[in-house]
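> Could you have a look at this structure, given as structure tokens, before my questions?
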Amino acid sequence: MVDLNSERGKSGRSFDFLGFTHYLSKSRKGVKVLKRKTSSKRLTRAITTMHSFIKQNRHMKLSALIDAINVKLRGHYLYYGITFNSRGISRFYFHVKRCLLKWLMRRGGKSKWSWYNFVLLTERWLPLLKPFISNSYASS
């Protein structure tokens, strides 16, 4: 068991459990608090899974593909969207967006996406679900 009250050896005082890395840090008020972020192994696995999903389903109509991606994004945000983990879910969103552009560019035909048109697609026409915190300390 990890002793979170110990001051010695701060660098090695973290552990992975249920897809989160738990570590001791200070809040903005200077109080010690247990923080959680997405485990690097789980983030890598989620990005790889989403990459292969988009690769295998890039033939779908664009609206259906983005709807399916949004379902997966919502599930990820509902589980990993906790206090102190906004950076982790934002990184996941960025990687999904980058992967989607990569596989849209490889769909064939003459459709070449500029970054400007892709941003319009993912923010206005068929928006991707933006990261949100679903479970915070303030709500409990």
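The values are calculated or read from the model by the stated rules, or taken from the named source; none is laboratory data. Predicted model, so just to flag it, every value in this text is computed and none were measured. No Cβ is skipped: glycine too gets one built from the backbone with ideal geometry, and neighbour counts run over all protein chains shown.
> Is there any pair linking a residue in segment 110-132 that is aromatic (Phe, Trp, Tyr) and modelled with pLDDT under 95 to one that is assigned to a loop (DSSP other than H, G, I, E, B) and exposed (fewer than 12 other Cβ atoms within 10 Å of the Cβ), with Cβ under 6 Å and at least six apart or on different chains, and which?
Here the result reads none, with nothing in segment 110-132 linked to a residue that is assigned to a loop (DSSP other than H, G, I, E, B) and exposed (fewer than 12 other Cβ atoms within 10 Å of the Cβ).
Residue-wise test of (1) within 30 Å of His22 (Cβ to Cβ); (2) more than 19 Å from the chain's Cα centre (by Cα).
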site	(1), (2)
Phe84	yes, no
Arg87	yes, no
Ser90	yes, no
His95	yes, no
Lys102	no, no
Asn117	no, yes
Leu128	yes, no
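> Follow-up question, since we're still on this one. Scan segment 77-118 for residues that are assigned to a helix (DSSP H, G or I) and of a type in the set (Phe, Trp, Tyr) and jot them down.
Tyr77, Tyr79, Tyr80, Phe92, Tyr93, Phe94, Trp103, Trp115, Tyr116, Phe118
> Still on this structure: Mind listing just one residue for me: the one in segment 26-76 that is free of Cβ contacts under 8 Å to residues at least 12 places away in the same chain, outside any helix (DSSP H, G or I) and of a type in the set (S, T, N, Q) and, of those, nearest to Asn135 (Cα to Cα)?
Ser27
> When the residues of segment 78-93 are filtered to those that are under 28 Å from Arg107 (Cα atoms) and in contact with a helix residue (DSSP H, G or I) (Cβ under 8 Å, 6 or more places away or on another chain), which remaining residue is surrounded by the fewest Cβ atoms within 10 Å (Cβ to Cβ)?
Here the residue is Arg91.
> While we're on this one: Does Tyr137 satisfy the condition of being closer than 30 Å to Ser25 by Cα and assigned to a loop (DSSP other than H, G, I, E, B)?
Considered against the rule, which asks whether it is closer than 30 Å to Ser25 by Cα and assigned to a loop (DSSP other than H, G, I, E, B), Tyr137 comes out as yes.
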